[in-house]
Amino acid sequence: MARIQQRRDLTRERIVMTAARLLTEEGPAAVTTRRVAQEAGLQPPALYRFFPDKDALLDAAVEHVFAEHVARKRAAAPSGDPVADLRAGWDTQIGFGLAHPHVFSLLLARPRDTPAQAEGLRMLAELVHRIAVAGRLKVSEERAVNLIHAAGIGTVHTLLTLPPDKQDPRLADAAFDAVARAILTDGTAPSEDPAAVIAAFRALLPDLPTLSKAEAALLDEWLRR
């Protein structure tokens with residue numbers, strides 16, 4: 001039974017990798033069940049044992065490509081400067097979207113909370129938390145994550161939809177600078193800005209041993225207000 005399941009897993013992986021390659025290289029129109037089955041070395045009926053239709057196959061292909069991207073970001077060693085890591089992560093994310101326009105478009109057109117998307121947002125939240133602990137954040141962590149996420153999506157979408165002669169190669173840098181001004185304190189040292197102090201205090205609340213969960217939740221609510 002274990003060997004049968006292993007063969008099924010390997011076959012499914014081969015199908016998904018074939019679909020992901022076709023999607024990346026040629027776009028969604030190339031990901032037909034017949035062509036994927038043929039290039040994966042299967043008969044079309046065999047493919048339907050794993051995916052009921054083209055939509056399910058496309059979903060799996062998009063998740064595969066994005067999951068590989070997220071795994072590479074997770075494997076990157078953080079530096080001692082969380083703001084620098086945020087900039088590096090921004091550049092990586094923008095680069096991925098521009099290099100994979102078909103995947104990016106499908107992620108927007110078919111939004112869902114997939115494991116890879118959830119992991120990507122979790123990584124962003126962890127990085128923003130590091131910035132808050134360092135005293136460099138002047139808005140709430142939740143607001144910072146949402147601003148960064150929205151700006152990244154908007155930047156890639158804009159660059160992909162502009163005609164080549166209208167594209168601004170510095171747009172992504174300008175967008176990051178605008179987000180940084182909105183969420184970060186000035187300078188590299190912890191700020192005396194009350195908003196930054198509050199953000200840092202909220203980030204450290206879970207580590208305060210003398211507060212009960214109820215007390216910590218109440219204090220967090222006051223600080224958030």
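In the range 13-121, carbon and sulfur make up what percent of the accessible area (probe 1.4 Å)? Of the solvent-accessible surface of the range 13-121, carbon and sulfur hold 56 percent. Length gained on full extension, Ile4 to Glu26: 4.6 nm, using 0.36 nm per residue less the C-alpha separation.
Out of every Cα-Cα pair that the range 60-170 contains, those further apart than 16 angstrom amount to 61 percent. Taking amide H atoms as placed 1.01 Å from N in the peptide plane, the amide H of Leu184 lies under 5 Å from those of Lys138, each 5 or more residues away in sequence or on another chain. The residue list Thr155, Thr32, Ala116 was ranked by how far each Cα lies along the charge dipole of the range 1-157 toward its positive end, using unit charges on Cβ atoms, and Thr32 comes out on top. Relative to one another, the C-alpha centroids of the range 89-129 and the range 33-61 are positioned 25 Å apart.
The values are calculated or read from the model by the stated rules, or taken from the named source; none is laboratory data. These figures come from a predicted structure and were not determined experimentally. Methodologically, a virtual Cβ is constructed for each residue, glycine included, from the backbone with ideal geometry; neighbour enumeration extends over all protein chains shown. To get the accessible areas, we keep the full protein, side chains included, count just its heavy atoms, and leave off ligands, DNA and RNA. Shrake-Rupley method; radii C 1.70, N 1.55, O 1.52, S 1.80 Å.
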